[in-house]
1. Among the residues of the range B:151-163, is there at least one that is among the hydrophobic types (A, V, I, L, M, F, W, C) and in contact (Cβ under 8 Å) with a residue 40 or more places away in the chain?
2. Output the residues belonging to the range A:161-186 that are modelled with pLDDT under 90, open to solvent by 60 Å² or more (accessible area, probe 1.4 Å) and more than 10 Å from chain B (Cβ to nearest Cβ).
3. Which is over 18 Å from A:Leu36 (Cβ atoms) and facing chain B (nearest Cβ under 8 Å), of A:Asp128, A:Asp122?
4. As an exercise: evaluate A:Ala84 against (1) at pLDDT 90 or above; (2) open to solvent by less than 70 Å² (accessible area, probe 1.4 Å); (3) within 15 Å of B:Leu51 (Cβ to Cβ) and give the number of the one condition it does not meet.
5. Take the range B:17-41 and flag every residue that is over 47 Å from the mean Cα position of the chain (by Cα) and open to solvent by less than 50 Å² (accessible area, probe 1.4 Å).
6. For the range B:128-137, what are the residues that are part of a strand (DSSP E or B) and in contact (Cβ under 8 Å) with a residue 40 or more places away in the chain?
7. For the range B:38-56, which positions are in a helix (DSSP H, G or I) and modelled with pLDDT of 90 or more?
8. Looking at (1) open to solvent by less than 60 Å² (accessible area, probe 1.4 Å); (2) in contact (Cβ under 8 Å) with a residue 60 or more places away in the chain, can you tell me which one A:Glu157 breaks?
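The values are calculated or read from the model by the stated rules, or taken from the named source; none is laboratory data. Every value quoted in this text rests on a predicted model; they were computed, and no experiment measured them. Because the Cβ atoms are built from the backbone with ideal geometry, glycine has one as well, and the counts that use them run over all protein chains shown. The area values use the complete protein model at the heavy-atom level, side chains included, leaving out ligands, DNA and RNA. Shrake-Rupley method; radii C 1.70, N 1.55, O 1.52, S 1.80 Å.
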Amino acid sequence: MRAAQARQRTDAELVRSALDGSEEAYAELVRRYQDLLYRHAERMAGSPDEAEDIVQLAFIKSYRNLATCQNPDHVGAWMFRITANACKDHLKSRRSDGVTIDDVPGLAGETGDPERALARRDLRSRIDSALHRLPADQREAFVMKHVEGLSYQEMEELLGVSVPALKMRVHRAREDLQELLVEGMT
Amino acid sequence: MNGIDPRLQAYLDGELRLDELPVELRDRAVSWDGLLDQIARSAPAGAPLGLDHRVMTEIRARSEPTNQVSQWFAWAIRPRAIRVSPLAGLAVAAALVLAVARPWAGGPATSVENPVAGQVYVQFLVEAGTAESVHLAGDFSDWQPTISLDDSDGDGIWSGRVPLEPGVHEYMFVIDGSEWVPDPNAAATRDDGFGRQNSLLAVSSVSGT
C-alpha cells in the first residue's frame, strides 16, 4: 500500500461519524456495501428495478436505525441482514409468475458456436425462472453460497442461522433446482 | 426422485475434490459446476450507476424539512436553552405563531403538470450531443427524473420549460437514464453530501424582479 494514500476509515468510525450527523460518512458506507447488497437483491428479486427499490429502502432503514446497530465494526453484516429481510418481505408480497421449463441443454463447456450461445442464453433464462420458484429461505442460502461465494461460516454470521441449517437449505435448493430444470424433459 | 447423492452435495459444498468422487458421479459434478458457473455469471457485477446518489438524496429528502412551513416548524420545535422573562416569552410565542402561519398564505402545493399562479416558468438547457434522452430531476420532482427535456431539432441542445415556485431549488440532469450530471452553467452549486455537486437555481417571483 502507498504510504501517501489516506487511511481508509473503518466501518465503526464511519458509523460514529454518521451518528454525529455526517452524511458523507453514511454515504461512504453506502458506497462500500451497495454492490454486495444490490447483487443479493437482484438475484433474490429477479428484477433490477425491484432490486434497486429494495436496496434503497434497506439503506434508508439502516440510516434511521443506525443507533441500534450493536456491532458497528460489522455494520455491513447488519445492513445485509436488513436487506435480506427486505428481500424476503418483498417476495412474500409478490405472486409467483408461473413458468414452464422445456428441457436442459448441456450445462458444461463453452464454445463460440452461435447455436450454443443461444442455448446458453435460453438456459440462463430458465435458470432464472427456476431460481425464482425456490422458497425464499432456500433461494437466499443458495444465492449467498453460489452467487456471492460465501462460506457457510460467513453465511451463519450474516443470517444468524446455524451452519447445518444453512447446508440443509442449500442442499434442498440444489435438489429443487435440479427438479425444476429437468421437469420439462419428461 | 430428485435426490442428489450426498457425496455430490459434499463436492458442491467444497468438502470433497473431484478426484475424490466415485467415477460415476464425476460427469454430474462437472455438469453442476457448469450450471453454478452460469448462475454466478448471470448476477450483476454491482449496483447500477448513481444508486448511492439516489439513496443519499432520498435520505436527505426524508430527513430534512422540505418546505418553508416544516422548516419553520422544525426550527420552532428544536430543543434549545433560552432564558426569557414571562412577558418576553409571550411576545416570542406570538411572533412564532405569526412566522409559522405566514407561509400557509402561499397556497396549496403545486405540481409541474398543473401550474398555478405564483409559479414561474424556467427554461432549462443543457448540451448533451450524444445522449439518447435527458431528464431533469430536482427537489421540485422529489428527485425523480421524470421531467423530459427535448432535442427535437437534433442539435444536441436539450431543453424544457418547467414551472417552479419562487425560492432556491437544487437539480441535476440525468443523461440516458443513469448518468447524473450537474448543470455546467449553474450559477451556484451545493455539495450533495458525498462529493458531488447539485446545481442551484434561485427563482424570484415575477413581481419581485
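1. At the first step, the residues of the range B:151-163 found to be among the hydrophobic types (A, V, I, L, M, F, W, C) are B:157-158, B:162.
With the extra rule that they be in contact (Cβ under 8 Å) with a residue 40 or more places away in the chain, the set shrinks to B:162.
There is at least one residue in the range B:151-163 that is among the hydrophobic types (A, V, I, L, M, F, W, C) and in contact (Cβ under 8 Å) with a residue 40 or more places away in the chain.
2. Within the range A:161-186, A:Met185, A:Thr186 qualify.
3. Details: A:Asp122 fails: facing chain B (nearest Cβ under 8 Å).
Of the residues listed, the single one that is over 18 Å from A:Leu36 (Cβ atoms) and facing chain B (nearest Cβ under 8 Å) is A:Asp128.
4. Every condition holds for A:Ala84 apart from (3).
5. Of all residues in the range B:17-41, those over 47 Å from the mean Cα position of the chain (by Cα) come to B:17-28.
If the condition is that a residue be over 47 Å from the mean Cα position of the chain (by Cα) and open to solvent by less than 50 Å² (accessible area, probe 1.4 Å), then B:Leu21, B:Pro22, B:Leu25 are the ones that fit.
6. Here is the first cut: in the range B:128-137, the ones part of a strand (DSSP E or B) are B:134-137.
Once the filter is applied, which keeps residues that are part of a strand (DSSP E or B) and in contact (Cβ under 8 Å) with a residue 40 or more places away in the chain, the range B:128-137 yields B:Val134, B:His135, B:Ala137.
7. Going residue by residue through the range B:38-56, those that are in a helix (DSSP H, G or I) are B:38-41, B:51-56.
Correct list: B:Leu51, B:Asp52, B:His53, B:Arg54, B:Val55, B:Met56.
8. Condition (1) is where A:Glu157 drops out.
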